[in-house]
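Read through the structure below, which is laid out as structure tokens, and then see the notes.
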Amino acid sequence: MTPCRAVLVSAPASGQGKTLVTAALARAWRNKGLRVQAFKCGPDFLDPMILEVATGRPVYNLDFTMCGENDGEAQLYRAAQQADLIILEGVMGLYDGTPSSADIAARFNLPVVLTIDASGMAQTFGAMATGLLAHNSRLKPAGAFANKVGSTGHAQLLKHSLPPELNWYGNLPKDEKLSLPERHLGLFRATEIGDLEEKIEAAANAIATDLPLPPSMEFKAPAIAANQPERLAGKTIAIARDAAFCFIYQANLDWLTDMGATLKFFSPLHDQSLPEADAYWLPGGYPELHLNEISANSAMKNALHAAFETNKPILAECGGMMALSESIDNQPAFGLLAGKSQIHTQLQGLGSLKAELPQGELGAHTFHYGSFETEIPPFSTAKTRFGKAENIYRHGSICASFLHFYFASNPQAATGLFL
């Protein structure tokens with residue numbers, strides 16, 4: 001067992017400001033000299049980018065369907081060995097989703113702090129925090145944080161409404177400077193928010209005085225698995241990474257390295273050639289925001305076609321698949337996949353799932369506003385719990401889908417994507 005302080009930050013609902021609050025708490029504790037490791041509940045890519053800026057460390061995801069409970073246990077144990085404090089940002093409201101933030105907190109015995117938008121609220125703040133944290137007897141209540149507070153007097157009303165057993169973790173004022181911009185996929189990427197560092201530091205400084213530490217708890221070592229073979233030993237994997245292709249789980253990079261692969265990175269937007277590699281991976285991101293660069297980079301288009309013609313494995317996820325199609329919103333793309341991609345105003349896919357591949361089930365998730373119209377027959381179709389079907393296509397050496405895969409959930413299946 002390894003001791004480490006830990007807390008899960010949740011809220012009554014989405015839109016309460018928990019990402020900035022989590023980042024502010026993480027930075028405030030980091031500023032006190034603690035090594036802080038952040039996690040995000042659920043499969044989200046964007047919130048972890050914010051938390052990485054706050055902590056200065058890569059951020060990992062916990063999701064029972066995509067990652068698996070054993071992976072979560074292993075990730076938390078590893079973090080407890082390398083950090084002084086673990087902070088997890090919940091997903092949606094405390095009890096929303098399957099699994100919910102409450103389910104994750106209960107499974108790993110994590111103390112919970114509620115972030116509540118307190119605008120228009122006084123003593124009800126304490127009742128809401130108490131009721132939500134008591135709703136599941138398996139939860140370990142830690143305290144509450146008030147966001148969008150009107151004044152010092154308002155903060156005192158909120159603080160004193162909490163029962164003695166709930167700690168006051170501070171408050172942030174209602175201030176446009178202490179909010180994060182959003183777009184159709186959620187928050188903006190961290191690199192797009194020019195004053196993000198200033199926002200996080202200002203919020204951290206605002207809550208630093210009398211900020212309590214979360215409780216210390218013991219993290220159990222996971223069952224020791226048999227030594228995993230380095231399935232990708234001697235292989236070089238080249239990964240697209242730039243403003244258009246940025247949805248990459250750090251856990252996937254870790255897994256590739258653990259499997260013996262050498263990693264290289266390239267920019268489909270700006271590079272004129274591909275690095276020499278045994279396989280290529282184009283992850284998701286925002287190709288629809290960079291159509292001019294994609295259409296104009298004929299050298300990269302030619303390089304991708306050359307890699308395909310030499311039968312190099314190419315994994316294309318979500319935005320990566322759209323970039324390999326003939327067009328995105330009627331503007332030319334790289335043209336390796338016969339079919340057209342389109343961005344819609346309505347959400348087209350949502351949920352964590354298990355994808356059936358030749359080597360077994362692989363954890364994945366989908367969240368996109370795009371569509372891909374093609375006559376290429378899918379070789380596999382996965383369904384979310386909402387019934388939405390997501391196709392997986394094989395075209396020569398290309399494996400393409402709107403799905404984002406989580407490699408560690410099935411090493412054998414993931415290895416097949418790169419061989």
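The values are calculated or read from the model by the stated rules, or taken from the named source; none is laboratory data. Remember, predicted model here, so these are calculated numbers, not experimental data. Every residue, glycine as well, gets a Cβ built from its backbone with ideal geometry; the counts of neighbours run over all protein chains shown.
Just a few scattered comments:
Quick grid of which residues meet (1) charged (D, E, K, R); (2) closer than 18 Å to Ala83 by Cα; (3) touching a Phe, Trp or Tyr at 6+ places or on another chain (Cβ under 9 Å):
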residue: Thr2; (1), (2), (3): no, yes, yes
residue: Lys18; (1), (2), (3): yes, no, yes
residue: Asn31; (1), (2), (3): no, yes, no
residue: Val36; (1), (2), (3): no, yes, yes
residue: Phe45; (1), (2), (3): no, no, yes
residue: Leu51; (1), (2), (3): no, yes, yes
residue: Ala54; (1), (2), (3): no, yes, no
residue: Val59; (1), (2), (3): no, yes, yes
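- Residue selected from region 371-394 under the condition modelled with pLDDT of 95 or more and out of contact with any strand residue (DSSP E or B) (no Cβ under 6 Å at 6 or more places or on another chain), by the criterion surrounded by the fewest Cβ atoms within 10 Å (Cβ to Cβ): Glu375
- With respect to the conditions (1) surrounded by fewer than 15 Cβ atoms within 10 Å (Cβ to Cβ); (2) in contact with a helix residue (DSSP H, G or I) (Cβ under 7 Å, 6 or more places away or on another chain); (3) under 21 Å from Tyr60 (Cβ atoms), Ile237 lacks only one, and its number is (1).
- Flag if Lys312 is farther than 28 Å from Arg57 by Cβ, outside any strand (DSSP E or B), in contact with a Gly (Cβ under 8 Å, 6 or more places away or on another chain) and at pLDDT 95 or above: no
- Test: residue in region 51-58 that is crowded, with 22+ Cβ neighbours inside 10 Å, in contact with a strand residue (DSSP E or B) (Cβ under 7 Å, 6 or more places away or on another chain) and not in a helix (DSSP H, G or I): no
- You will find that of Gly131, Gly90, Gly120, the residue that is of a type outside the set (A, V, I, L, M, F, W, C), touching a residue at least 40 places away in the same chain (Cβ under 8 Å) and assigned by TED's automatic domain parsing to the domain that holds Ser14 is Gly90 and no other.
- Of the residues in region 226-242, at least one is among the hydroxyl-bearing types (Ser, Thr, Tyr) and either assigned to a loop (DSSP other than H, G, I, E, B) or over 17 Å from the mean Cα position of the chain (by Cα) (or both).
- Figure legend. Inter-residue proximity from region 63-82: first residues in contact (Cβ under 8 Å) with a residue 12 or more places away in the chain, second residues assigned to a loop (DSSP other than H, G, I, E, B) and crowded, with 19+ Cβ neighbours inside 10 Å, beta-carbon distance below 7 Å, spacing 6+ or different chains. Indicated pairs: Asp63/Gly42; Asp63/Pro43; Phe64/Pro99; Met66/Pro43; Met66/Tyr406; Cys67/Tyr406.
- All of Lys388, Lys312 fail the test of being on the phi < 0 side of the Ramachandran plot and more than 24 Å from the chain's Cα centre (by Cα), apart from Lys312.
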